[in-house]
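The values are calculated or read from the model by the stated rules, or taken from the named source; none is laboratory data. The structure displayed is predicted, hence computed values, not measured ones. Heads up, the Cβs are rebuilt from the backbone with ideal geometry, glycines too, and the neighbour counts pull from every protein chain shown.
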Amino acid sequence: MITPADVKARFPVLDAVEEAQLQLLINDTRPFFNIDRWGAFYPRGACLLVAHFWTLQQKFDKGETAPIHAVTSRKAGEVQLSYAPPTALDAQDAWLASTSYGQQYLSLRKQVSFGALVV
């Protein structure tokens with residue numbers, strides 16, 4: 001298992017976050033991992049997910065609760081945005097793709113799920 005110190009070592013931006021808060025976020029990551037399956041990728045993956053959860057919490061605390069979808073068009077005058085609806089596969093991971101930490105986690109998860117690639 002990772003510790004708050006592990007998270008802070010990987011992501012110094014989280015140094016000011018209380019250890020108790022980080023521990024809660026670490027606990028929240030547990031259902032997302034089979035540590036045996038993730039092996040050496042587990043510490044980075046878990047720290048990424050903690051940082052992702054923290055980033056989402058910060059947005060939520062600021063009142064940023066809009067759904068997360070890809071922007072398909074923009075307009076400058078009288079501000080207009082169009083969003084793509086998520087596909088069935090994307091819908092379950094859209095919330096993970098909403099931060100750079102979550103995107104890195106998804107990439108790592110894909111590597112873990114496919115296993116080693118021999119060329």
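Here is a yes/no grid of residues against (1) assigned to a loop (DSSP other than H, G, I, E, B); (2) more than 30 Å from PHE114 (Cβ to Cβ):
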residue: VAL17; (1), (2): yes, yes
residue: ALA20; (1), (2): no, yes
residue: LEU24; (1), (2): no, yes
residue: THR29; (1), (2): no, no
residue: ARG37; (1), (2): no, no
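Listed here are the residues, each with its yes/no results for (1) farther than 30 Å from ALA9 by Cα; (2) modelled with pLDDT of 90 or more; (3) surrounded by 10 or more Cβ atoms within 10 Å (Cβ to Cβ).
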| position | (1), (2), (3) |
| --- | --- |
| PRO31 | no, yes, no |
| ASP36 | no, yes, no |
| ALA91 | yes, no, yes |
| TRP95 | no, no, yes |
| THR99 | no, no, yes |
| LYS110 | no, yes, no |
| GLY115 | no, no, no |
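Scanning the range 38-53 for residues that are over 16 Å from VAL13 (Cα atoms) and over 10 Å from the mean Cα position of the chain (by Cα) yields a count of 6.
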